[in-house]
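To start, the structure itself, in structure tokens.
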There are 2 protein chains.
Amino acid sequence: MSDRVAKDALFDGFARITKALSSGRRSEIVDLLAQGERSVEEIASEIGQSVANTSQHLQQMLKAGLVGTRRDGNRIYYSLAGGRVLDLWVAVRDVAAEHLAELDSLAAAYLGDRSTLQTVSRAELVDRMRRGDVVVLDVRPEPEFRAGHIAGAVSMPLDELRRKVRGVPKDREVVAYCRGPYCVYADDAVRTLQRRGYRAARLEDGFPEWSRSGHPVENGVDSPAS
Amino acid sequence: MSDRVAKDALFDGFARITKALSSGRRSEIVDLLAQGERSVEEIASEIGQSVANTSQHLQQMLKAGLVGTRRDGNRIYYSLAGGRVLDLWVAVRDVAAEHLAELDSLAAAYLGDRSTLQTVSRAELVDRMRRGDVVVLDVRPEPEFRAGHIAGAVSMPLDELRRKVRGVPKDREVVAYCRGPYCVYADDAVRTLQRRGYRAARLEDGFPEWSRSGHPVENGVDSPAS
DNA sequence: GGAGCATTCAAACATTCACTTGAATAGTCC
DNA sequence: GGACTATTCAAGTGAATGTTTGAATGCTCC
């Protein structure tokens, strides 16, 4: 079979995509870039690596076509190459959650005990927002809110939440969301709110998944609250 | 941030899934197992590797949870762990096709010139089968047909096709399908048929995608032809 | 043009990886 | 039990990978 070498080359091509995701650090980068573009320095500090090392990871991903770049001044902003890349990342997470034996304990070690945390699915949230019996808090850092958020949500980064809890109305249940299913911000917010006597739950995943599934999104200015 | 080490460990966990797919040989294995379970020996010969090496690849995939095993006699059959794994593989292929610069030339090198090949989407095929103006040929090896095929398709492996072309009715267009979008069997069949004066096209992807998207499937015996 | 910044490059290191070879296991069939 | 088969294990090799360190590049702003 003389196609052997061509077939191997083709599948090595597919493998370049998975190789670009096959390091924990690069996975963190994809997860981060799902929130929007970032400079190399921001990415490096977020994943806890040196700038040089981060740059090399980014370049591998760039060669594989997973990310793109935009220059602004002397800063270079990286972003995911397209919606399909997010689909791929979601598929990876799903398969890991479903089939990787030790994932549960890894997640528990990072996220802590989630058993007291109520979660709400996207469909449920849509429903309850329509009925108006829920306050939706975006607990990510404010720039991420500005780059895009659930239509009708209020920006309330964690540190701000702790200072201004009293401002949050207590008559309705609060739903917090953040970057995704493995992001700790919303967990933290829900625990804080529960401690203060609120009824609170977290969205089961985060903003990228909300947006990807075609739900209503806003960006730019702050939205009308409550 | 003391969570750093736990977060890294979690994402290293996700990366174990992509690592399990990050070799061309293992990608070929996933693509093959999408057709159904296979013994180690069958897999080894299909991907052109030694049995020992193939076994080690399979064990990596097993540890990552991508595949499962079943023992029958002293043979061990490997199969994909679940539908989500196929979703993941499809996502990898899609991202590669969309974003990996050199994929086109790799595909062309393996598949040859596809410009004269008509393709039919799944939706179109459903439509045309309903109207009854099309003959659907499954040109994979016969055991794969037996394990599951498009409802209403006729088994016609390539070598058989070359011997029995005359038996194929000429009044309707012929649509051939095989293992997937990067499988050469259907291309080959369409070319053969075109040379003999048939109107022929290939399904744009293959049986696993058909089945995964919930289209009607049969297995076991041969289906009533034409 | 020169200082200052963000990013990339280059070299070096220990580690991991894919594949080979040859031996060891675990099952079947008589 | 013993011959046989399919699969796995173990050790070894050369290549690729992730990270660090320090220098080089390319851009902006004065």
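The values are calculated or read from the model by the stated rules, or taken from the named source; none is laboratory data. What you see is a predicted model; the values in this text were computed from it and never measured. All Cβ positions, glycine included, derive from the backbone under ideal geometry; neighbour counts span all protein chains shown. The area values use the complete protein model at the heavy-atom level, side chains included, leaving out ligands, DNA and RNA. Shrake-Rupley method; radii C 1.70, N 1.55, O 1.52, S 1.80 Å.
Data overview
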| item | result |
| --- | --- |
| Efficiency of FRET between B:Q60 and B:A151 - r from beta-carbon atoms, R0 41 angstrom, step 0.05 | 0.70 |
| Threshold 50 Å² - residues in segment B:4-35 whose accessible area is reduced by that much or more when the chain is no longer isolated, probe 1.4 Å | B:R4, B:K7, B:L10, B:F11, B:F14, B:I17, B:T18, B:S22, B:R25, B:E28 |
| Cα Rg over Rh - segment A:109-218, Kirkwood | 0.92 |
| Stokes-Einstein diffusion coefficient of segment A:84-165, Kirkwood radius over Cα pairs, 4 °C, 1.567 mPa s, in µm²/s | 83 |
| Residue mean of other protein chain beta carbons inside 10 Å, B:81-93 | 6 |
| Percent carbon-and-sulfur accessible area, chain A, ignoring ligands, DNA and RNA, probe 1.4 Å | 47 |
| Summed residue charge, Cβ within 11 Å of A:S39's Cβ, Lys/Arg positive, Asp/Glu negative | -1 |
| 20 °C / 1.002 mPa s Stokes-Einstein diffusion coefficient of the protein assembly as shown, Kirkwood radius on C-alpha pairs, µm²/s | 88 |
| Cα centroid separation - segment A:11-41 against segment B:1-61, whole Å | 18 |
| Packing-based order for A:25-37, B:118-130, B:13-25, using average beta carbon neighbours within 10 Å, highest first | B:13-25, A:25-37, B:118-130 |
| Surface per residue (accessible, 1.4 Å probe) for the protein assembly as shown, Å² | 45 |
| Label geometry 7 Å along the beta-carbon vector: B:R75 inter-copy distances in nm | 6.1 |
| Placed amide H near A:T119: partners under 5 Å, 5+ positions off or other chain | A:R202 |
| Solvent-accessible area buried by pairing A with B, both sides, nearest 100 square angstrom, 1.4 angstrom probe | 4600 |
| Estimated vicinal HN-Hα couplings, Hz - segment B:206-213 in sequence order (Karplus 6.51, -1.76, 1.60; Gly, Pro = x) | x, 4, x, 5, 4, 5, 4, 8 |
